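What follows draws every value from the coordinates through simple rules; no lab data is involved. Here the structure is a predicted model, which is why all the values come from computation and not from measurement. In this analysis, Cβ positions are derived from the backbone assuming ideal geometry, glycine residues included, and neighbour counts consider all displayed protein chains.
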Amino acid sequence: MFSIQFAKLIFVGLITNYLTNNNRICLFSPDMAYQSFIELNTGTTRNFLLPCPGGYLLVDTSYSRNYKRFLKLLHKHNISVQQIKYLLLTHHHHDHSGFAMHLRTQSNCKLIAHQKALPYLASGTISAKLKPLNSCIRHLLFFIRPFMPRAVFMPVEVKPDDIILQQPKTEISDILGYSACIIHTPGHSDDSISLLLDDGHAFVGDVMMNLPLCGLKKRPFLLEDESQVIQSWKKLKDAGATKFHPAHGKEFNLRQIGV
Ligand SMILES: [Zn+2]
């Protein structure tokens with residue numbers, strides 16, 4: 001019994017330590033400094049704020065219990081909730097949409113999501129198709145499940161002026177004020193989307209993860225379809241992505257994925 005408890009503690013400690021980064025402000029390149037983005041680490045999910053006319057576009061939220069922490073981080077950067085003009089959900093899972101409704105109530109931001117996310121956002125539940133990548137992950141889940149929040153979240157209301165995507169690729173330069181597009185990148189979930197900027201930076205949600213576990217090699221530890229995941233990586237590469245910012249784990253370069 002002691003050894004199982006000890007293993008749980010070691011594992012959770014390892015993951016927490018790996019995921020905890022300082023919150024950073026990054027510049028894409030000196031000549032594109034206006035495209036600076038802010039990374040906020042709410043504990044389990046990395047959130048990104050990208051400047052847009054009049055405020056910011058936020059990539060993903062986190063578990064609902066992390067909302068207060070998110071507000072503190074915003075305050076630290078002298079940003080008000082009302083300055084968040086858009087919330088882009090890379091997919092519907094509860095660690096990405098957990099406090100989406102809290103934020104929308106306070107900020108009145110427009111939602112950007114894939115059409116396939118809508119049934120889950122309406123019900124506040126996640127897809128049942130999610131499965132472990134391999135048997136190593138299946139065994140690890142035995143240890144971490146007791147520490148994971150229940151897979152439910154406050155349902156997210158969709159309004160008529162929200163931006164609901166259906167196409168494989170959608171230009172959003174008019175929203176950000178600089179060249180960018182959203183690419184449908186399924187595999188982790190049917191509704192997964194990635195935000196790709198013109199200079200190769202891609203905010204990929206969970207279609208890639210950078211965690212030191214079970215030989216993941218940048219694959220998500222939970223997914224619906226592994227071959228779709230790899231296809232989505234190829235799509236991103238073909239569209240010009242060179243630097244990947246996953247929601248879990250640190251960013252990495254194109255040469256670190258074998259496609
Ligand atoms: Zn996910």
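Things to note:
- Neighbour-count ranking [beta-carbon atoms within 10 angstrom, fewest first] of SER192, SER107, SER80: SER80, SER107, SER192
- Projecting label points 7 angstrom from Cα along Cα→Cβ for ASP225 and MET148 puts them 2.2 nm apart.
- The mean sequence distance of close C-alpha pairs (under 8 Å, at least 6 residues apart), as a share of the length of the chain, puts its relative contact order at 16 percent.
- Residue-wise HN-Hα couplings along the range 244-250, as the Karplus relation 6.51 cos²θ - 1.76 cosθ + 1.60 with θ = phi - 60° gives them from phi, are 10, 10, x, 7, 10, x, 7 Hz; Gly and Pro carry x.
- Amide H contacts of GLY205 (H built 1.01 Å from N, under 5 Å, at least 5 apart or other chain): ALA247
- Normalised by the number of residues in the range 80-183, the mean separation of alpha-carbon contacts (under 8 Å, six or more apart) gives a relative contact order of 30 percent.
- Angle between the chain longest axis and helix 226-238 axis [Cα atoms, degrees, rounded to 10]: 30
- Projecting the Cα atoms of TYR63, ASN78, HIS93 onto the charge dipole of the range 57-123, computed from C-beta unit charges around the Cα centre, puts ASN78 farthest toward the positive end.
- For the range 119-131, putting each phi into the Karplus relation 6.51 cos²θ - 1.76 cosθ + 1.60 with θ = phi - 60° gives couplings of x, 6, 5, 5, 9, x, 10, 10, 4, 7, 7, 5, 9 Hz, in residue order, rounded to whole numbers and with x for Gly and Pro.
- Cross-link check: pairs LYS110/LYS243; LYS131/LYS250; LYS72/LYS234; LYS72/LYS169; LYS68/LYS159 evaluated at a Cα-Cα cut-off of 29 Å; pairs beyond the cut-off: LYS72/LYS234; LYS72/LYS169.
- Along its first, second and third principal axes, ordered by size, the chain spans 56, 39, 36 Å in Cα coordinates.
- Using alpha-carbon coordinates, inclination of helix 135-144 to the longest axis of the chain, degrees: 90
- In plain terms, if you count all Cα to Cα distances in the range 70-191 and split them into 10 Å steps from zero, the share in each step is 12, 36, 34, 16, 2 percent.
- Estimated from the Cβ-Cβ distance and a Förster radius of 22 angstrom, the FRET efficiency linking GLN82 and ILE164 is about 0.45.
- Semi-axes of the equivalent ellipsoid for the range 75-130, computed as √(5λ) from the eigenvalues of its C-alpha gyration tensor and ordered from largest down, come to 24, 11, 9 Å.
- Secondary structure note: in the chain, about 65% of the DSSP beta bridges are antiparallel.
- Order of HIS93, HIS102 - criterion: other Cβ atoms within 10 Å of each residue's Cβ, fewest first: HIS102, HIS93
- 3J(HN,Hα) from dihedral phi, the range 101-114, Karplus parametrisation 6.51/-1.76/1.60, rounded to Hz, x for glycine, proline: 6, 4, 5, 5, 5, 7, 10, 6, 6, 7, 8, 10, 7, 7
- Net +/- balance of residues flanking MET154 in space, Cβ distance below 14 Å, scoring K and R +1, D and E -1: +1
- Protection proxy ranking, peptides 250-258, 132-140, 231-239, 201-209, average beta carbon neighbours within 10 Å, highest first: 201-209, 231-239, 132-140, 250-258
- Inter-part distance, the range 123-188 to the range 48-87, computed on C-alpha centroids, equals 18 Å.
- Relative contact order [Cα under 8 Å, 6+ residues apart], the range 152-221, whole percent: 17
- Size of the range 186-253 from its Cα atoms: along the principal axes, largest to smallest, the extents are 32, 23, 16 Å.
- Between LYS131 and GLN106, full extension at 0.36 nm per residue minus the direct alpha carbon distance yields a gain of 5.6 nm.
- Separation in nanometres of the label points that stand 7 Å from Cα toward Cβ, at GLU171 and ASP238: 2.0
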